[in-house]
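The values are calculated or read from the model by the stated rules, or taken from the named source; none is laboratory data. None of the values given here were measured: they were computed from a predicted structure. Don't worry about glycine lacking a Cβ; one is built from the backbone with ideal geometry, like all the others, and counts go over all protein chains shown. The accessibility values were calculated without ligands, DNA or RNA, using every heavy atom of the protein model including side chains. Shrake-Rupley method; radii C 1.70, N 1.55, O 1.52, S 1.80 Å.
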There are 2 protein chains.
Amino acid sequence: MKELSFFDGTFIQTNEKKVCIEDRGYQFGDGIYEATHVYNGKCFALERHLKRCRRSMRELRIPITYMDEELRAIHEDIIQKSQIKDGSIYFQITRCTAPRVHYFPEKVIPHLSMTMRQSDIHSDWQETGIHAVLSEDIRWLRCDIKTINLLGNVLAKQHAHEKDAQEAVLFRKETNLITEGSSSNLFIVKDEVLWTHPINNFILKGVTRSILLEECAPQLGLPVVEKAFSPQFALSADEMFVTSTSMEVTPIISLEGTTIGKGTPGKVTQKLLQAYHVLVKKECY
Amino acid sequence: MKELSFFDGTFIQTNEKKVCIEDRGYQFGDGIYEATHVYNGKCFALERHLKRCRRSMRELRIPITYMDEELRAIHEDIIQKSQIKDGSIYFQITRCTAPRVHYFPEKVIPHLSMTMRQSDIHSDWQETGIHAVLSEDIRWLRCDIKTINLLGNVLAKQHAHEKDAQEAVLFRKETNLITEGSSSNLFIVKDEVLWTHPINNFILKGVTRSILLEECAPQLGLPVVEKAFSPQFALSADEMFVTSTSMEVTPIISLEGTTIGKGTPGKVTQKLLQAYHVLVKKECY
């Protein structure tokens, strides 16, 4: 199969109509999501994603009506049924379907939808590096929750897309500080130190970000500073890259038309990507 | 009928499953909405709502594939078919259904959904006044677009609901300035001057707000200041009220537990509500 979907307990074709117009996910964006990558028929770092999923639901007070065991089993089922070896799994949980009022309805039965697709990691982007643009971060002040209120991210990514760039680097105008990418976390390497934005309400705690900071960087003996920095500081970096489940570790070779470092993927970036691939191999092969 | 819905050209029951899980409204909140009130079988101020709808779509670059005439006709049809005399009509337009990527897909066919329900204006709230709480405005920086990315509004309204209040008054922490209500525009009357937040990216240009400023206030010879003010300034007001399609002009008699004015609906507020009702009568009866 090329793709397979799931909705509230049943496997479906992706284009089946399963959602009511008064699903709060449809009318308020009242829901959360996760996306994982499947390598060799195995879902990488699923436990970290499930943990974050629970946190997102707790923050929005969506009742957690799925045990981790169930979500894990659905992931295994969709991989098996689709027979996809290498692909991505996206799932979201919305609060419920109810007549439209802003506050939470009394009777809440969350909806779970999921799609698995064949997809390869962009290894070409990893080899050549990508171009990025700067975009004002106009999103809400709870970017730490992985919600489906994603219009700010959508508009930033569209801006990048129109400039033939692959990612938008977001910065807050009030503070002149970079937060993250439109669908990734941003890192720079400067004088052999790894810099990235600290965990707070302005960024999502990316799973790949956590793996890099907790496992890959220590392995390389690479000092890490979790501190926000300006676009100007970023432009003076030796290396720049983004992390995400679908991009893994992907070098940025230009930002807003300015070459970063030597204009080729940096050595530290490449070593981090290699260390990440070792972890993927260990868990999935 | 008590309610009737519509999806992409067909009248449906509200609980029919019509939406695909990859509708971008469901996965990104990538859509816009409008809500109108029907008095005596006639939709009040529909032209203003349709104009704002077009603006929202232009701002998000959702192709406008409906003529105003069509949207007007669908409104008339749903009123006629439902046989509802007094009620509310909600409609939303999402960008399209497409495999999930952040940037806009190439082939875009927007989806239109609509629900009409019996509902009466809360005239009890207008007579007694409502209680409001203060809530930090954590929403994105394009609140001028009426999008379905509404989690910030949802969380604020829920906060009010849990405090037995009927509305949350939002303020930006950075500036200590009130913006608007969680689903309304906020006004105060102080020394016989009407104050409200100016039109910019921090608030929605409410239809009821516009009608008040353009028609009702001039009729009463009431001076208007469109200038942002702090919660402290608001607490010292003689009167406070919110405007929205469903609340019309509704007095606030306490904010965060502090009595506003005399703790009863203010005289200017009542006059503005009367002037508004005259306009409704003129257009719909």
Distant alpha-carbon pairs in the stretch B:1-109 (separation over 19 angstrom), percent: 49 percent
Residue (of A:V133, A:L204, A:L194) at the positive-pole extreme of the stretch A:123-284, dipole from beta-carbon charges: A:L204
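Please state the equivalent ellipsoid semi-axes for the stretch A:160-285: what are the square roots of 5 times the Cα gyration tensor eigenvalues, largest first, in whole Å?
Ellipsoid half-lengths, sorted descending, are 22, 16, 15 Å.
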Estimated dipole of chain B in Debye, rounded to 20 [Cβ of Lys and Arg +1, of Asp and Glu -1, Cα centre]: 500 debye
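Above 38 Å lies some portion of the pair distances; for the protein assembly as shown, what is it as a whole percent of all C-alpha pairs? Provide the component values of the computation, followed by the final result.
Numbers: 55016 of 162165 pairs.
Counting every Cα pair in the protein assembly as shown, those more than 38 Å apart make up 34 percent.
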Where Rh is the Kirkwood radius over Cα pairs, Rg/Rh for the stretch B:51-203: 1.01
Convex hull per residue volume in Å³, alpha carbons only, for chain B: 130 Å³
Accessible carbon and sulfur surface of the protein assembly as shown relative to its total accessible area, %, 1.4 Å: 50 percent
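Under unit Cβ charges (Lys, Arg +1; Asp, Glu -1), what dipole magnitude, rounded to 20 debye, does the stretch A:108-194 have relative to its Cα centre? Display every interim value, and only then the final one.
Numbers: 9 positive and 13 negative charges, 95 e Å.
Computed charge dipole of the stretch A:108-194: roughly 460 debye.
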Summed buried accessible area for A+B [probe radius 1.4 Å, Å², rounded to 100]: 5000 Å²
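At most 14 other C-beta atoms within 10 Å and a DSSP loop state: those are the exposed GluC sites (Glu not before Pro) I care about. Give me the longest piece of chain A that has none. Walk me through the numbers before you get to the answer.
Values: sites that count: A:E16, A:E106, A:E174, A:E192.
Longest site-free region, per DSSP loop and neighbour criteria: A:193-285.
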Cα coordinate range in the stretch A:80-169, projected on the principal axes (Å, largest first): 52, 41, 21
In Å, descending, principal axis extents of the Cα set of the stretch B:52-119: 42, 22, 16
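Based on a Kirkwood Rh over C-alpha pairs, give the Stokes-Einstein translational diffusion coefficient of the stretch B:130-231 at 10 °C and viscosity 1.306 mPa s in µm²/s. If you can, show how the numbers build up before the last one.
On the way: Rh = 14.1 Å.
The calculation lands on 113 µm²/s.
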Where the Cα pairs of the stretch A:37-76 fall when distances are cut into 10 Å bins, in %: 28, 51, 19, 2
The stretch A:217-270 - Kirkwood radius from inverse mean 1/r over Cα pairs (Å): 12.1 Å
